[in-house]
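The values are calculated or read from the model by the stated rules, or taken from the named source; none is laboratory data. Everything quoted here is computed from the prediction, not taken from an experiment. Every residue, glycine among them, receives a Cβ derived from its backbone with ideal geometry; neighbour counts consider all protein chains shown. Please note that ligands, DNA and RNA were not included when accessible areas were found on the heavy atoms of the full protein model with its side chains. Shrake-Rupley method; radii C 1.70, N 1.55, O 1.52, S 1.80 Å.
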Amino acid sequence: MAQAPTSPQAPPPASPPLLQGFFRLTNVQKVLLLVGVAAAIAVTVAFVSWARTPDYRVLFSNVTDRDGGAIIAALQQINVPYRTAEGGGAILVPADRVYESRLRLAQQGLPRGGSIGFELLENQRIGTSQFVEQVNFQRALEGELARTVQALGSVQGARVHLAIPRPSVFVRDQQKPSASVLVSLFPGRTLDPAQLAGITHLVASSVPELAPSAVTIVDQAGNLLTQGPGAREANAGLDAGQLKYVQAVEQGFVRRIEAILTPIVGQGNVRAQVTAELDFSTVEQTAETYKPNPAPEQAIRSQQTVETLGDNPREASGVPGALSNQPPGAATAPLNAPAKGAAKGGPAEAQPPGTSHRESTTNYELDKTITHTRAEAGAVRRLSAAVVVNHRREVKEGKAEATPLNEAEIAQLNNLVRQAIGFNEKRGDTVNLVNAAFTEAERVEVAGPTLASEVTHRLLGNLNTVLWAVAAIVAALFLYLVVVRPVLRDLALAGERDIAAQEAYAQAMAAATAGGDGQPGQGGAGGAPVSQPIITGGRGFDADLQAVKDLARQEPQIVANVVKDWVGRE
């Protein structure tokens, strides 16, 4: 008895061809395919990650172990990735964070330059000799001075060397200490005289009995920045401050000339140069002047008078000595002797007057003029001005022509220049004003940057990043075109074939069922039903496919009708 045909099972839901092709593979092929796809994805991700890895640049090089440890600890605190190179002597950070990291580390005083300060004296051993203690103290003092000098804004690094002699009990054997300072300046930075004097006195004040003249400062190029005691006298005419003052005075006169002539001749039509001779000598003069004495009644300072009177004629008198003690000689009568015995009532003989003594002292005031004169440093000795004025521009018949100035106009401009600079003929000042045509420079038009050049410039600036991005894209395309795309294409084709087979199976089952019910056009030869109907029901896709193949061999007319129906629908 023939088995009754069962109703055909509903076709499975449609699935993408790619998944259908994947399910068609064996388990080993599935594992290999998954491993290959995972490896391709991993290689692509690793390549992209490697291309996006930041470019590391040197943050600090030639750092000591102490500074290196402090820098790494600080970088860990601020979450900055780092790498070490050159055996730990160089520290590298991402290129885009180099300057930020340097600024943040500089805020913490890192690196310290490897100089050792007074912390060297913290670990003194028992039994250390006096010589070692003295050497350690000198090293610590040098390190502290180097740190202090390095704190200046223009100084990148500094080293200090002290020459401290041993003390001696003999005065003639005593020697004064000296110091040498080597400063490394930042690019484009210089030290002005005030800063050099500050470093000199800073070092001199830190060492006992060290004179500022014994401090020598040298830069990283070997240039001597300080001068000896006699250098100022030897280079008195080359003082930088004096040269700057001379330039300032000359530029001031030039601005005066241009400011007074520009409104007359026009902007850019006057050129002026002034040479000033200044006197920087310092002269101090003191003078005392005495004038003739004035009238006594006008300036009597003091007057003193001493007078002595006496009336005793018998007071001893005469010349002292041996001659007055000898007896008198023989008396002689004079030729005209007066008569003896004068008449009574005649005039009596006059008595000799008494002694008198008088002293008078008068002091007069003397005129005294004291003049203390100090000449002004930087006084102008002589001025020489050279002025060039362009020809007057006039438009004639639509063309610009240059016309020279007349004599009256030149004289007027010359007088203005003299008044502007304070011309002094007694001082020997000279002014030379010339009217000449200026030569105009050729104008060259420079085209501005185009969009293409700007884009090219930006691409060249980021060439490294662009190359890595292009390489990553090319690698991803290569993996997709060579590996992934062929595999996916094969799986899709296999899936499409399986889907077509499933559709053929479903249509064949529907045709077989219709033929068994006696519908016309769907049976076997002569319209008879199928002798052996297809039995389905949970046997799997492979068994159903084999049943369809058997049906195609047994009933080719049914398969032909199915194919004919497909062609008709298309």
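Before we move on, is residue 101 in contact with a Leu (Cβ under 7 Å, 6 or more places away or on another chain), at pLDDT 70 or above, not in a loop (DSSP other than H, G, I, E, B) and not basic (Lys, Arg)? Even if it seems obvious, please write down each step before you answer.
Details: in contact with a Leu (Cβ under 7 Å, 6 or more places away or on another chain): yes; at pLDDT 70 or above: yes; not in a loop (DSSP other than H, G, I, E, B): yes; not basic (Lys, Arg): yes.
So residue 101 fits the description; yes.
Applying the selection to the range 64-98, what residues are of a type outside the set (Gly, Ala, Ser), open to solvent by 80 Å² or more (accessible area, probe 1.4 Å) and not in a helix (DSSP H, G or I)?
79, 83, 84, 86
Which pairs have Cβ atoms under 8 Å, sit 6 or more apart or on different chains, and link a residue in the range 395-408 that is within 15 Å of residue 269 (Cα to Cα) and in contact (Cβ under 8 Å) with a residue 12 or more places away in the chain to one that is acidic (Asp, Glu) and surrounded by 10 or more Cβ atoms within 10 Å (Cβ to Cβ)?
From residues that are within 15 Å of residue 269 (Cα to Cα) and in contact (Cβ under 8 Å) with a residue 12 or more places away in the chain, the pairs are 402/394; 403/394.
Pairs, please: C-beta under 6 Å, at least 6 apart or cross-chain, first residue free of Cβ contacts under 8 Å to residues at least 40 places away in the same chain and farther than 15 Å from residue 105 by Cβ and in the range 71-95, second open to solvent by 40 Å² or more (accessible area, probe 1.4 Å) and outside any loop (DSSP other than H, G, I, E, B)?
As it stands, the answer is 83/56, since those pairs meet every condition given.
Looking only at the range 361-405, filter to residues that are at pLDDT below 85, small (Gly, Ala, Ser) and part of a strand (DSSP E or B); which one of those is nearest to residue 307 (Cα to Cα)?
So, considering only residues that are at pLDDT below 85, small (Gly, Ala, Ser) and part of a strand (DSSP E or B), the one nearest to residue 307 (Cα to Cα) is 379.
One line per residue, one yes/no per condition, for (1) of a type in the set (Val, Ile, Thr); (2) crowded, with 16+ Cβ neighbours inside 10 Å:
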| site | (1), (2) |
| --- | --- |
| 173 | no, no |
| 191 | no, yes |
| 195 | no, yes |
| 204 | no, yes |
| 207 | yes, yes |
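Return the only residue of 15, 61 being of a type in the set (S, T, N, Q), modelled with pLDDT of 70 or more and surrounded by 10 or more Cβ atoms within 10 Å (Cβ to Cβ). Can you show your working first?
Details: 15 fails: modelled with pLDDT of 70 or more.
Criteria check complete, one pass: 61.
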